[in-house]
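Q: To start, I am sharing the structure in question, which I have written as structure tokens.
The values are calculated or read from the model by the stated rules, or taken from the named source; none is laboratory data. Computed from a predicted model, the values in this text were never measured in an experiment. We place every Cβ from the backbone using ideal geometry, glycine too, and count neighbours over all the protein chains shown. Note: accessible area is taken over every heavy atom of the protein model, side chains too, but ligands, DNA and RNA are not part of it. Shrake-Rupley method; radii C 1.70, N 1.55, O 1.52, S 1.80 Å.
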Amino acid sequence: MGRYIIMILAGLIASPSAALAGEVVAKQAWVRLAPPVSDSTAAYMVMENDGDSDVILTAVESAAAKHVMMHGMAMKEGRMHMFELEHVRVPAHGTVSFEPGGMHIMLMGLNEALHTGQTLRFKFRTAAGESFTVPAVVRDMRH
Amino acid sequence: MMKKHWKLISAISVMLLFAAGVAGWSVWHHARPEIPGYLKRMGGDFTLMSADGPVSLHDYRGRVVLVYFGYTHCPDVCPMALGVIASAMHALKGSEASHAAGIFVSVDPRRDHPDLLKKYTAFFDPHIVGVTGSNTVLNQVAQNWHVSFSVPKAAADENYTVEHSTFIYLVNAKGQIVELFDEKTSPKLIAQAMRRWLD
Ligand SMILES: [Cu+2]
């Protein structure tokens, strides 16, 4: 009986619930509905870390597009330019925002046209070897 | 004696407040600010290709125009900017609206053919026209408009990003650039500016 409980607990620990790695929770996750013609878009969310240690995001994956990555954005020589981020630190008891006009989850080469209300899944990996999945709803941002 | 004094002060105060209100209202309503010097040195006419034939800036004389340079595969800033342009145009009513227009110039002609541009801009507002041109023409327009952009050497079917300036240009009824905004400007503020230059 005691052995059983331990096995169940081990099973729970091995499969952490969605959108949770260590103490990180993703909130307000959404994806911009790409205009027709475009096969690129971006996803946005706020990562909240309630834990006592920093969590470092090292990768993001999604079946929605050929290339999915964490992107930074900066003005350089008068041009807006985007660059891949190898890792993003979510500080202990802090938040990090992926937001319009700033750091974002880049989707390049969408496998299918998106539609409003659809949910895309993003799997994040952390430097500690954990992973968690964030569902994000496609939103039409017009007017 | 004291009472009289206060009456005078309050009467003057009321008059001053009233005068300030009238002045403020008329400035807000009628002011058409000077075009800053650095904007006078930018811009100029161009002719580029839309799905429905050539489009020139001088076709828009008598209307205020919002002009933006970008590309359709842009994931973030271009959809934001076009959303802002569409909302600003949407905020104008009646004859104001019919005297306003938007032009989206793609600096990525390798992928953005005019018919694709038409579908792209219609998503935001059918009154925004999508245009592009040869690299030679685009480079000339970009130089005149102080637009900086860089398209990587890649095949059209590769996924690549384009670096580009992010100004939303407000062009007055005479074809002059009069104000600059970007994708983070509130549409309300842009609509106010458009009204100012329509008066
Ligand atoms: Cu990006």
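Q: Please give the average number of partner chain Cβ atoms lying within 10 Å of the Cβ of each residue in B:157-163, rounded to a whole number. The partial results should precede the final answer.
A: Numbers: counts 1, 2, 10, 2, 8, 4, 8.
Counting Cβ atoms of other protein chains within 10 Å of each residue's Cβ and averaging gives 5.
Q: Ok, one more. With each run of n ≥ 4 DSSP H residues scored as -39500 (n - 2.57), what mean residue ellipticity at 222 nm is computed for chain B after dividing by its residue count and rounding to the nearest 500 deg cm²/dmol? Intermediate values should be presented prior to the final figure.
A: Values: 7 runs with 85 residues, N = 199.
Only helices count here, giving -13500 deg cm²/dmol.
Q: Something else now. Please tell me which of these pairs span more than 23 angstrom C-alpha to C-alpha: B:LYS40/B:LYS188; A:LYS27/A:LYS123; B:LYS93/B:LYS174; B:LYS93/B:LYS188?
A: In this structure, B:LYS40/B:LYS188 exceed 23 Å between Cα atoms.
Q: Please compute one quarter of the surface area of the Cα convex hull for the protein assembly as shown and express it in square nanometres.
A: Averaged projected area of the protein assembly as shown's Cα convex hull equals 27.7 nm².
Q: Size of the dipole of the protein assembly as shown about the Cα centre, Lys and Arg at +1 and Asp and Glu at -1 on the beta carbon, nothing else charged, in debye to 20?
A: Taking the Cα centre of the protein assembly as shown as origin, the dipole is about 1380 debye.
Q: In what sequence, largest accessible area first, do B:PHE104, B:PHE149 appear using a 1.4 Å probe? It would help to have the intermediate numbers written out before the result.
A: Numbers: B:PHE104 0, B:PHE149 40 Å².
Final ranking, largest accessible area leading: B:PHE149, B:PHE104.
Q: Please tell me the relative contact order of region B:37-198 in percent, rounded to the nearest whole number, where contacts are Cα pairs under 8 Å and at least six residues apart. Present the calculation step by step, with values, prior to reporting the outcome.
A: On the way: 298 pairs, mean separation 55.6, N = 162.
It comes to 34 percent, rounded to a whole number.
Q: Calculate the length of the line joining the C-alpha centroid of region A:21-54 to that of region B:121-199, in whole Å.
A: 28 Å
Q: Explain nothing, just the number: dipole magnitude of chain B about its Cα centre with +1 on each Lys and Arg Cβ and -1 on each Asp and Glu Cβ, in debye rounded to the nearest 20.
A: 1240 debye
Q: Give me a single rounded figure for A:79-86: the average over its residues of other chain Cβ atoms within 10 Å of their Cβ.
A: Average per residue, whole number: 5.
Q: Once the mean 1/r over all distinct Cα pairs of region B:37-198 is inverted, what Kirkwood radius in angstroms do you read off?
A: Across region B:37-198, the inverse of the average 1/r is 15.6 Å.
Q: Also: Rounded to the nearest 10 Å², what accessible area does A:TYR44 have for a 1.4 Å probe in the complete protein model?
A: A:TYR44 has an accessible surface of roughly 0 Å² with all protein chains in place.
Q: Would you tell me the mean number of C-beta atoms belonging to other protein chains that fall within 10 Å of each C-beta in B:139-148, as a whole number? Can you show the working numbers first?
A: Working: counts 0, 0, 0, 0, 0, 0, 0, 1, 2, 5.
If you average over the peptide's residues, the count of other-chain Cβ atoms is 1.
Q: So, counting K/R as plus one and D/E as minus one, what does the shell of residues with Cβ under 12 Å around B:HIS73 add up to? The partial results should precede the final answer.
A: Values: positive: B:ARG110, B:ARG111; negative: A:ASP39, B:ASP76, B:ASP108, B:ASP112, B:ASP157, B:GLU158.
Every neighbour counted, the sum reads -4.
Q: Hey, could you grab the Kirkwood Rh for region A:28-131? Inverse mean 1/r over distinct alpha carbon pairs, Å, one decimal.
A: So the Kirkwood estimate lands at 14.5 Å.
Q: Right, here's the next one. Have a look at B:GLN143, B:LEU92, B:TYR68 and report the one farthest towards the positive end of the charge dipole of chain B, computed about the Cα centre with Cβ charges (Lys/Arg +1, Asp/Glu -1).
A: Sorting the options by dipole projection puts first B:LEU92.
Q: If you keep only loop residues by DSSP, which trypsin sites (Lys or Arg not before Pro) in region B:58-155 have at most 14 other Cβ atoms within 10 Å of their Cβ?
A: B:ARG61, B:LYS93, B:LYS153
Q: While we're here: How many nm is it between the label spots at A:LYS76 and B:ASP199, if each spot is 7 Å from the Cα in line with the beta carbon?
A: 4.4 nm
Q: Let me ask you something else. Among A:TYR44, A:VAL88, A:ALA64, whose Cα lies farthest out toward the positive end of the dipole of region A:28-131, if unit charges sit on the beta carbon of Lys, Arg (+1) and Asp, Glu (-1)?
A: Positive-end residue among those listed: A:ALA64.
Q: Moving on to the next point. Just read off the accessible area of A:HIS87 with the full protein assembly in place, 1.4 Å probe, to the nearest 10 Å².
A: For A:HIS87, solvent-accessible area is about 120 Å².
Q: Report the calculated FRET efficiency for B:LYS93 and B:ALA155 (r = Cβ-Cβ distance, R0 = 45 Å), to the nearest 0.05.
A: Numbers: r = 46 Å, r/R0 = 1.02.
So the FRET efficiency works out to roughly 0.50.
Q: Tell me the net charge near B:ALA173. Cut-off is 9 Å between Cβ atoms, B:ALA173 excluded, with +1 for each Lys or Arg and -1 for each Asp or Glu.
A: Residues close to B:ALA173 contribute a combined charge of +3.
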